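Asks: There's a structure below that I have some questions on.
Laboratory data are not the source of any read-out in this text; all were calculated from the coordinates shown. Predicted model, so just to flag it, every value in this text is computed and none were measured. Because the Cβ atoms are built from the backbone with ideal geometry, glycine has one as well, and the counts that use them run over all protein chains shown.
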């Protein structure tokens, strides 16, 4: 998604109309419970003893997608430590966001405080205007619509690591921050606490 955004923002006025030939993209931000349970059992079967199994169970319980679960289990095999595994996974998620998304969010051809404020509001579930009116129609339909939720008159992105990164890297005034340390996995599992924390900034 990040690379698609970058190509869209940077295309020349008379060049390749990237959005005009987009196909609908609807990759799941989380897997169904039965798929998560199946994958979790497969990964837990690699544990040597009950102690390892208990630790890995706690780690995988923080993850809502099978690919991220697989990465977490692989890192845990190397680290053999819950804390060190969390640090590495969080670092990977943060680094990917900073590398791929912050240049786009800060791109002067698109970015301004009002837009970043709205993106942040979506991340913490506090947006009051319809995102269909905010994004370009084609971009919205192809990339964002499957991940937008509405409840009690407020709109939000689906809760996932990307959402947590947005909430931490954009402050309430719409300023893009250079954040280097925040617990992506742990905050992703505690949406209410994330909203309360970010609302106080």
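Asks: What's the percent breakdown of Cα-Cα distances in segment 33-80 across 5 Å bins, shortest bin first?
Replies: Here the calculated profile for segment 33-80 is 4, 24, 39, 23, 8, 1.
Asks: Want the number for residue 52 to residue 154: 0.36 nm per residue separation, take away the alpha-carbon distance, what's left?
Replies: Going from the current span to full extension adds 32.6 nm.
Asks: Shifting gears a bit: Given the peptides 134-144, 60-70, 107-117, arrange them by the average over their residues of other C-beta atoms within 10 Å, most packed first. Walk me through the numbers before you get to the answer.
Replies: Numbers: 134-144: 16.1, 60-70: 18.5, 107-117: 12.6.
Going by the mean number of other Cβ atoms within 10 Å, highest first, we get 60-70, 134-144, 107-117.
Asks: Taking Cα centroids, how far is segment 86-139 from segment 49-72 in Å?
Replies: Their Cα centres are 28 Å away from one another.
Asks: If you stretched the chain out fully between residue 128 and residue 83, how much longer would it get, using 0.36 nm times the residue separation minus the C-alpha to C-alpha distance? Write out the running numbers ahead of the final one.
Replies: Values: separation 45, 0.36 × 45 = 16.20 nm, distance 3.74 nm.
Contour length minus Cα-Cα distance gives 12.5 nm.
Asks: Ranked highest first by the average count of other Cβ atoms within 10 Å around their residues, in what order do 155-163, 80-88, 119-127 fall?
Replies: On the way: 155-163: 20.6, 80-88: 15.0, 119-127: 22.3.
Result, highest mean first: 119-127, 155-163, 80-88.
Asks: Return the distance in nm (one decimal) between the two label points of a simple spin-label model at residue 145 and residue 35, each offset 7 Å from Cα along Cα→Cβ.
Replies: Distance between the two pseudo-spin positions: 2.1 nm.
Asks: Taking R0 as 35 Å, what's the FRET efficiency between residue 44 and residue 95 from their Cβ-Cβ distance, rounded to 0.05?
Replies: Details: r = 28 Å, r/R0 = 0.79.
About 0.80, to the nearest 0.05.
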